[in-house]
Amino acid sequence: MTSANDLDPDNNHWHWLAADLRIWRLERNLTQTDLGELLGVTKAHVSNWESARENLPLKHAETLDYIWRTRGHFVRLRRLAERAHDPGWWAQYTPLEAKASRVSYWALAIIPGLLQTEDYAHALLDEGQIIEDVEAAVNARMARQEVLQREKPPELRVLINEAALDQPVGGPEIMRNQLDHLVNLSHRRNVILRTVPRAVGAHIGLDGSFTILTGQRWSAAYMEANTGGRLTHEPTMLDDFAKRFDLIGAEALSASASRSHIARIMEAMQ
């Protein structure tokens, strides 16, 4: 669990925002409870913001700038954090994924982690990424998939680009097993898996992969990047990703046609 002492404000914009929130609060001789009352939230919310376990919402950044007369400081920092790639995104993403009631994926080039076979994950992490302990990373990825075995697993809405399906990660045999795993998963009642054929040509999804996480009273979106992605709770950005998901879905095959599409790719794989 992250604490104020674990923050790295020199290299992480969200940590910078969290550290400044604590500094400005202490300079005004306010407790976390006091600040919570000013913002209409609990002490736990303030504690999570100051430790960067959660991101300070925009509306509260605006309120702080107003009541503390900080001339846009907190809003400005928050915008910087939203725009920057966050190397520490994983610590915030995984708890959200574990409690989400729906996970919507757009996968441009790689099969999403919750849908990967162990062999595919191992080949991907061993050959495609710079990771010191591949076995630990694979085990962690497989552990994440335990949410699919719950009595009430999350709904999965998956759009996969053909480029992610015919790239023989780990070789033809491993990839065929991965594709077979996708077909099997697609028959589950909580899974809708659809493919976007290469013949579609240019479309909005070519900008990059993303994931939308939805809970009972919250939503978040994650955008992938080579050196660290971005996790956002911003309503306008969430709306944008929802629209993107719908537009990509308009280009995708139906669920049954997608299974046939995957089967043809499997047959052609040598």
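Using a simple charge model, +1 on the beta-carbon of Lys and Arg, -1 on the beta-carbon of Asp and Glu, nothing else, what dipole does the stretch 185-252 show about its Cα centre, in debye to the nearest 20? Before the final figure, lay out each step's value.
Numbers: 8 positive and 7 negative charges, 72 e Å.
Charge dipole, the stretch 185-252, about its Cα centre: 340 debye, nearest 20.
Report the gain in length on full extension from ALA199 to ALA250: 0.36 nm times residue separation, minus Cα-Cα distance, nm rounded to one decimal. Each step should come with its number before you reach the end.
Values: separation 51, 0.36 × 51 = 18.36 nm, distance 1.38 nm.
Fully extending the segment from ALA199 to ALA250 adds 17.0 nm.
Among (i) 15.5; (ii) 18.3; (iii) 16.5, which one is mean projected area of the Cα convex hull in nm² computed from these coordinates?
(i)
Report the GluC sites (Glu not before Pro) located in the stretch 71-170 that are in a DSSP loop and have at most 16 other Cβ atoms inside 10 Å of their Cβ, or state none. Intermediate results must be reported in sequence, preceding the final value.
On the way: sites: GLU82, GLU97, GLU118, GLU127, GLU132, GLU135, GLU146, GLU151, GLU155, GLU162; in loops: GLU132, GLU151.
The qualifying sites are GLU132, GLU151.
If I stretch the segment between GLU151 and GLU62 completely, what's the gain in nm (0.36 nm per residue apart, minus their alpha carbon distance), one decimal?
Working: separation 89, 0.36 × 89 = 32.04 nm, distance 4.12 nm.
Going from the current span to full extension adds 27.9 nm.
Beyond 20 Å, how much of the Cα-Cα pair distribution for the stretch 14-115 remains, as a whole percent?
Value for the stretch 14-115 (Cα pairs over 20 Å): 45 percent.
Identify all lysines with a Cα-Cα distance to LYS59 below 30 Å; exclude those on the same chain that are fewer than 8 residues away in sequence.
LYS43, LYS99, LYS243
Taking only DSSP H segments of four or more residues, each worth -39500 (n - 2.57), what value at 222 nm results for the chain once the sum is divided by all its residues, to the nearest 500 deg cm²/dmol? Intermediate values should be presented prior to the final figure.
Working: 12 runs with 135 residues, N = 270.
The helix-only estimate for the chain comes to -15000 deg cm²/dmol at 222 nm.
Express in nm, to one decimal, how much length is gained between SER260 and ASP133 on full extension, taking 0.36 nm for each residue of separation and deducting their alpha carbon distance. Show your work: numbers first, answer last.
Numbers: separation 127, 0.36 × 127 = 45.72 nm, distance 3.68 nm.
Difference between extended and current length: 42.0 nm.
In whole Å, what three semi-axes, largest first, describe the equivalent ellipsoid of the stretch 152-270 built from its Cα gyration tensor (square root of 5 times each eigenvalue)?
Numbers: eigenvalues 135, 55, 43 Å².
Sorted largest first and rounded, they come to 26, 17, 15 Å.
Hey, which aspartates and glutamates would be in cross-link range of LYS152, C-alpha to C-alpha under 20 Å, not counting anything within fewer than 8 residues on its own chain?
Within reach: GLU97.
Between ARG53 and LEU80, what is the label-point separation in nm under the 7 Å Cα-to-beta-carbon projection?
Using points 7 Å along Cα→Cβ, the separation is 2.6 nm.
Taking loop as defined by DSSP and a crowding limit of 10 other beta carbons within 10 Å, which trypsin sites (Lys or Arg not before Pro) in the stretch 16-93 fit? Walk me through the numbers before you get to the answer.
Working: sites: ARG22, ARG25, ARG28, LYS43, ARG53, LYS59, ARG69, ARG71, ARG76, ARG78, ARG79, ARG83; in loops: ARG28, ARG53, ARG69, ARG71.
Those satisfying the criteria are ARG69, ARG71.
Return the loop-located GluC sites (Glu not before Pro) in the stretch 173-270 (DSSP other than H, G, I, E, B) with at most 11 other Cβ atoms within 10 Å of their own Cβ; answer none if there are none. Numbers along the way, then the final one.
Details: sites: GLU173, GLU224, GLU251, GLU267; in loops: GLU224.
Hits after loop and neighbour filter: nothing returned.
Read-outs: derived from the displayed coordinates by stated rules, not from any lab. Just so it is clear, the model here is predicted, and its values are computed rather than measured. Cβ atoms come from the backbone with ideal geometry, glycine included; neighbour counts cover every protein chain shown.
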